[in-house]
Amino acid sequence: MDPMTTTALVTGANRGIGREVCRQLAALGHTVLLTARSAES
């Protein structure tokens, strides 16, 4: 594992700002863990 890898935990990521934050972090190469109220979303 690269020592410079960042892991982010984002809550409320099924829509809106949380979802966009996840998208942008992933695009930058970060590992993103997300949570949401609904698994379907």
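Where a number appears in this text, it was derived from the coordinates with a stated rule and is not lab data. Here the structure is a predicted model, which means the values were calculated and not measured. We place every Cβ from the backbone using ideal geometry, glycine too, and count neighbours over all the protein chains shown.
Odds and ends about this structure:
- Around ALA39: net Lys/Arg minus Asp/Glu count, Cβ-Cβ under 15 Å: +2
- Long-range HN-HN contacts of VAL10 with modeled amide H, under 5 Å: LEU33, LEU34, THR35
- Estimated vicinal HN-Hα couplings, Hz - the stretch 7-13 in sequence order (Karplus 6.51, -1.76, 1.60; Gly, Pro = x): 10, 10, 10, 10, 9, x, 9
- Over the chain: helical MRE at 222 nm, DSSP H runs n ≥ 4 each giving -39500 (n - 2.57), nearest 500: -9000 deg cm²/dmol
- Remark: C-alpha extents of the chain on the principal axes read 33, 15, 13 Å, sorted largest to smallest.
- Taking Cα atoms only, the orientation of helix 16-27 departs from the longest principal axis of the chain by about 30 degrees.
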